[in-house]
Each structure stands twice: as structure tokens, then as C-alpha cells.
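The values are calculated or read from the model by the stated rules, or taken from the named source; none is laboratory data. Keep in mind the model is a prediction, meaning the values are calculated, not measured. Heads up, the Cβs are rebuilt from the backbone with ideal geometry, glycines too, and the neighbour counts pull from every protein chain shown.
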Amino acid sequence: MAALNIENVWKKYGNVIALRDVNLDIRDGEFVVLVGPSGCGKSTLLSIIAGLEDTSHGTLTLGEIDVTDLSPKDRNIALVFQSYALYPTMTVRQNITFGMENRKVPKAEQDKAVADVAKLLQIEPLLDRKPGQLSGGQRQRVAMGRALVRDPQLFLFDEPLSNLDAKLRVEMRTEMKKLHKRLGQTIVYVTHDQVEAMTLSDRIVVINDGVVQQFADPDTIYQKPANMFVAGFMGSPSMNFIDVEVTGRARAITAVHRGDGADIDFPFGATREELAPYIGKTITLGVRPEHFRPAGEAGLTLTVNVDVVEPTGPDTMVVFSVAGKSLVGVLNAKFRPEEDDDVTLSLSLDEACFFDTEGVRIRGLAE
Amino acid sequence: MTAIDTIPNLDRKKPLRPSQVVGRIALYATLIVLALFVLMPLAVIILNSVRFNDDILRESFIGWPTRLTLENWGVAWGEACINASCTGVKPYFWASILMVVPATVISTAIGLINGFALTKWKMPFAGFIFVAITIGVFLPPQVVLLPWAIALGWLGLSKSLVGLSLVHIIQGTCFTTLFCRNYLINLPDDLIKAARIDGAGFFRTFWKIVVPLSPPIIIVTIIWQFTFIWNEFLFAITFSSSDFRPITAALMSLNANDTGVSEYGFGSAAVLIAAIPPLVIYFLGGRYFVRGLTQGAVK
Ligand SMILES: Nc1ncnc2c1ncn2[C@@H]1O[C@H](COP(=O)(O)OP(=O)(O)OP(=O)(O)O)[C@@H](O)[C@H]1O
Ligand SMILES: [Mg+2]
């Protein structure tokens, strides 16, 4: 186990800059999840941590050691690939022992390590099979086993569950969490599944375009996103963004959306003193779909016109418009309006976010 | 759930339209005619190898045997005269084997290593090196004949087994590198990365990961190289002497014996003897064409 310190790391491929000035301070035993859209540099960062790619600039420290220029085998890390990358011509046992053979670990020790790992992951009956004879979930376990026998200081996972079907993914996610609790290893885990990110991580790194947008615990990422990118990326369906003009006086602020034909007033009164400097300016208000509730509950009452209704089982997702602005709400499953109905909803503004013209979230005075 | 207890006929074939039927007939007719064209000369040679030379001269070069004999095969193998030494094709056959087997194995091995290094080991200038090597594939052999003669002279290997083998190894590497590189480029990169993390170096990764996944291309390359080097004539005739002569070069002189009478019978047998090894290799190798070896590596 060890802490990982990434300092001012840049990566350039030809004339593409894949990572820009990445700084991350990952604590010993922490489970860190990297999320971001496709092509944002997640796998690149993982490859750099693993030593499969060199940094173009910057340093990596693992434990007390500067590993920037060490080769992968000298870093004491293990990587589980999205493709699993099991050696197809070797049996499961040989797959697991290949690394130990290369490191000239004595045979008896190898056997013990295989036995332990096989027991932990419940793959004992599979040891003499080839990867081609395994199911997706079994391959995933074997790939984990190959990583575990290294007893590494740091585990890297590149979308390890993305090839599994939905049900198995949830099971493996739980197992993953248990395993981390039990072994307490430092883990860096790449995914673009938000639920995985929220449920597994101690902290989440959100990356876009090679730049770290925010590095924080899941609740902070969700409730206090650093900027509009993070706010829009995390959460499904996405946060609703509404252009508003800040009006009123210091302790009686109202945000007004100038819509088609009508305005929508979002009264904040004295609750958002941080908006005082923005009076007279246009900023962006962000409200999450689940902040819409059926009429009657506390909050701002809005009459909306329903465009689309999509029941998802536990919830009902509703797309509707107010003053020409299209918004998404996620409500109780019992709420089933007809399309084109006019319905009344209640919008809780307690957790609403504001973003300045640069897209950066405007912090509360207490933050 | 309802149980299904009767299974309908599952061998249904989509019926052909009349135009498709006509198309099929035309296609098969064309293929049969083409096959006959290709097989005719072979058939003539095979038939002549079991006819008496007198019969061939008296009747015609193309014809059914009236009497059968295997004598031609014995003469061709052990007695026929080539450049006034009457040993049959036997010594030349073994000379060819001695040249072809090592040259095939070595050029295939080099091709595989090259292919691995060029595709999976992030070599600087890999693209340029690949192009440079494969230019050899498109260079007519006449162009390199003189340079080789000079080079072999410098090395003191003119007209020797080692010299001609060297020519074939290096010329062959152009082909083997092309084949192997194009095969190995499809090997998943993640496998190689996994091996690096597992602490395997270049040659260990090559032996333990790449070679076990390469039988299909190894077999194709071996068949190609063996057949090509065995059948090769220009280099064989240029870079050989009475001390060392491959079978293709020896066949040239076979018919010119003392009497001046053309010996079609054992000539045909000698040609067939010379054709056997590539055929054997092809039939052996074809059986081991394993497909889908990478199944299960990457989902
Ligand atoms: N070997 C390479 N050569 C050139 N460009 C590369 C290379 N590897 C990655 N890139 C580029 O770097 C950027 C980041 O790629 P990366 O694979 O890290 O994305 P990712 O976040 O893992 O995406 P995904 O979610 O699709 O896996 C992309 O623009 C990609 O095209
Ligand atoms: Mg990736």
C-alpha cells in the first residue's frame, strides 16, 4: 500500500495534448475513481501511472519513491484491463503465475499465492481452463486474480466491469467494494459509469479534455460541482441549466429567466447572499431533475406543459416546458401525466447551483 | 413457460431463383474448364512417368500408357546422368533439402521477430524500416543478382551451400516480415502491455505470448518460403557448382545425356520427384491451419 502523488503531469502524443497539468494527491488506501467522457485522457493517465507510457512533463511519486522513470515491472503496481488481456494460450493458473515466474518467485510460494487468490475469488474450479472457455464474469475474476497475486502497492483498473451485463456488473461492483474493504489497497479506477463512480469511490476525479475539473468526494461532486461541466456530466439525466438574470437587492434576490412570452421568477430572498455581486448580470441556474416534486410539496410552484413521459420503473422521467424552456424532471413512479397535459410541479431551490459566465460555480459565503 | 416438444425440420434452404441457377451452372462450368487447363500438364507428366520411353517416342507425348512401369522412377532417383555423373537426382534432392529447411526456418523466425518488433515494441522509425524491408518483395531478382554475386565473393561463399542459403534467407526475410507484420499488427496491444507489467522482456514476451499465438502465420510463412526456395531457379543456377547444386538447377542438365535421345520417361519422374516436397509440406501444413487462436484474449 502506498500513497500516489501526481504532480504537473502532461502528456503529448504527436501534436495532441492528452493530459494538461494533472495534479492529484491520492492517499494511502484510498479508492479513487477517474470519470470523464470518451477520449478525455483517463486511460492515458492510467498508462502513465502504470509506466506503460512516459510523461511528457511532471513527476509521479509512489510511497516515498519517485517512479517517473521506472519501468512498469519496477513500480509494484497491477493493472486490470478493460479487455482483461488474459493470455489466450495459457491456462488460468499460468495466467496468474506468469508474473511470478518472471520475477523468479519460488514454485512453492507461487502455488500458495495461486491457491489463496483462487479461493478469495472463487475461481478454484477454473484453474486449468483456458480463457476462451470462461464466461465474461469468470474472465473478469481471473484478470483480478492476476492483479491480486502481485500484492501490489497500487491497483489500477481500466473500466473493468464495462464488458459485463447489467446484473453481473452490479454484483461485481459490490464484490469490488468488499475486496477493497478487506485488502485496503490504494486503487485508481477508471469508469464512465457514474453509478460505479458514486458508489465505489472515496474520491472522484472528473476529467475533461485532459484537464482535471474536480477532485473531491462523491457528495461534493454531486452537490457542489466545481463547474458546469462537472454538474452536467455527473447525474443522469443531466442537471437542467437555466439562464437567469439576478434582480432585486442584497437580501431580497430573485433570479429571473426571460422566457418566450413569459418570465419565470426564482425567488431566493436572503438565502443566497453570494449572488449580491451578480445583481443585474446574467448567470446560469442549475437544478437537478430530482429537485422537481409533485405539486403540494415545499418549493416554487410551476405550471408546466408535458412533452414526453418515460417511466423507468422506480421513477418517472418527464420532459416538459415552461415559458419555452425545455426541462427534465425525475419524479415518483406514481406520477404519470399524459403528454401535452398542463401540470403543476413544485421545485425545491435549496440545492440549486449557480454558475458564472465562465461556467464556474459561484460558491456560497459559508464555503 | 411452455415446453416445446416437437422440433420442425431445421434444414430448410432458401430456394434459388432461376437466374441464380443459371449463374451457378455458368460458374461451375468455368471453374471446371480452368481446373482442367491447370491439371492437364500435370496429368501428362504423371502418365509419362509410368510409360516406357519407347512407347512415348513411338506413340505420342500425350497419351494413355499401354504398358505400366515404375522403372523410370528408379532411374530418375539413382541412375540418370547429369553433367556426366550418373547418380540420378538423389544427391541434388538432398542438397536442396539441406538448403531449404534451414533457410525456411531461419527466414521465418527472423520475419516473426521483425513483425513483433515493428508492430508491438514501439521501435523508432518502425514505419520506415518496414517499407525499406518490404521493397525487397517488389524488386525483380535479376536486379539483385550481380550485387549478390559480388557480396558472396567478398564473403568467400560463392557457389556454396551456405552462400545460396544466405541469399534465400535474406531475400525471404522481405516476404516473411511482410506476412508476420500484417498478422501481428492485429494482436491485441493489451496483451503485450499486460506482459510488460508482469515483468516480461522482449524475448520472453515473444516466446511466451507471441509465438504461441502465431501458428497460423508461421505455417503460412513456412509453406510459402519452403515452396519458393525449393522451386527457385535463377539464384540456384547462378550460385551453384558441381560441389553444390540444388535439384531445380540439376534438372536442367538431366536430359542432355550421351545418346542424345530424349528420355521423357525418367525425365517426367525426375520432375515429379522434385515437385513432391512442396506438396508434402502443403498437405501437412494445411491440416494444422488453426483459426481463432486469439479467442478469449480480448472480449
Ligand atoms: N497512442 C496514442 N497516440 C496518439 N494519440 C493517442 C494515443 N493514445 C491516446 N491518444 C489520444 O489521447 C486522448 C485520450 O485518450 P484516452 O485513451 O486516454 O481516452 P479515454 O479517456 O480512456 O477514453 P475512453 O473512455 O474512450 O477509453 C484521445 O484524444 C486519444 O485519441
Ligand atoms: Mg480508455
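Tabulated data for the structure shown
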| item | result |
| --- | --- |
| Contacts under 6 angstrom Cβ, first residue in region A:66-80 being more than 7 Å from chain B (Cβ to nearest Cβ), partner of a type in the set (S, T, Y) and surrounded by fewer than 23 Cβ atoms within 10 Å (Cβ to Cβ), 6 or more apart | A:T68/A:T59 |
| Pair list, Cβ < 8 Å and 6+ apart or interchain, from region A:30-42 residues that are closer than 28 Å to A:K178 by Cα and free of Cβ contacts under 8 Å to residues at least 24 places away in the same chain to residues that are charged (D, E, K, R) and more than 7 Å from ligand 1 (Cβ to nearest atom) | none |
| Filtered residues of region A:150-169 (kept if facing another protein chain (nearest Cβ under 10 Å) and at pLDDT 90 or above) | A:P152, A:L156, A:D158 |
| So A:S43, is it closer than 21 Å to A:E159 by Cβ, in a loop (DSSP other than H, G, I, E, B) and in the same structural domain as A:F229 (by TED's automatic domain parsing) | no |
| A:F320 vs. criteria within 17 Å of A:C353 (Cα to Cα) and either without any contact (Cβ under 8 Å) to a residue 12 or more places away in the chain or surrounded by 15 or more Cβ atoms within 10 Å (Cβ to Cβ) (or both) | no |
| Wholly within region B:127-209, helices (runs of 4 or more DSSP H) carrying at least 2 residues that are β-branched (V, I, T) | B:141-155, B:161-184, B:189-197 |
| Pick from region A:323-359, criterion of a type in the set (V, I, T) and surrounded by 14 or more Cβ atoms within 10 Å (Cβ to Cβ), ranking: farthest from the chain's Cα centre (by Cα) | A:V343 |
| Within region A:148-246, strands (runs of 3 or more DSSP E) holding 2 or more residues that are more than 18 Å from A:Y84 (Cα to Cα), under 15 Å from the mean Cα position of the chain (by Cα) and more than 16 Å from ligand 2 (Cβ to nearest atom) | A:203-208, A:211-216 |
| Unmet criterion (only one of (1) over 20 Å from the mean Cα position of the chain (by Cα); (2) assigned to a helix (DSSP H, G or I)) for B:G88 | (2) |
| Positions within region B:189-213 being touching a helix residue (DSSP H, G or I) at 6+ places or on another chain (Cβ under 6 Å) and more than 7 Å from chain A (Cβ to nearest Cβ), in sequence order | B:I192, B:A195, B:T205, B:F206, B:V210 |
| Any hit, region A:284-303, residues being under 22 Å from A:A231 (Cβ atoms), surrounded by fewer than 17 Cβ atoms within 10 Å (Cβ to Cβ) and of a type in the set (K, R) | no |
| Qualifying residue in region A:23-33 (condition: more than 14 Å from chain B (Cβ to nearest Cβ), more than 25 Å from A:M172 (Cβ to Cβ), crowded, with 19+ Cβ neighbours inside 10 Å and within 16 Å of ligand 2 (Cβ to nearest atom)) | no |
| Matching residues in region B:269-281 - criterion: being surrounded by 14 or more Cβ atoms within 10 Å (Cβ to Cβ) and modelled with pLDDT under 90 | B:I281 |
| Boolean, A:A143 is at pLDDT 90 or above, of a type in the set (A, V, I, L, M, F, W, C) and crowded, with 22+ Cβ neighbours inside 10 Å | yes |
| Subset of region A:35-55 (residues that are more than 8 Å from ligand 1 (Cβ to nearest atom) and either more than 26 Å from B:G199 (Cβ to Cβ) or more than 14 Å from chain B (Cβ to nearest Cβ) (or both)) | A:V35, A:T55 |
| Test: residue in region A:122-135 that is within 16 Å of ligand 2 (Cβ to nearest atom), within 13 Å of another protein chain (Cβ to nearest Cβ), among the polar types (S, T, N, Q) and surrounded by fewer than 20 Cβ atoms within 10 Å (Cβ to Cβ) | no |
| All positions within region A:128-165 that are in contact with a strand residue (DSSP E or B) (Cβ under 9 Å, 6 or more places away or on another chain) and within 16 Å of ligand 1 (Cβ to nearest atom) | A:L156, A:F157, A:D158, A:E159, A:P160 |
| Residues that are on the phi < 0 side of the Ramachandran plot, within 14 Å of chain B (Cβ to nearest Cβ) and charged (D, E, K, R), drawn from region A:94-121 | A:E101, A:R103 |
| Residue within region B:222-237 that is modelled with pLDDT of 90 or more and under 30 Å from A:L86 (Cβ atoms) present | yes |
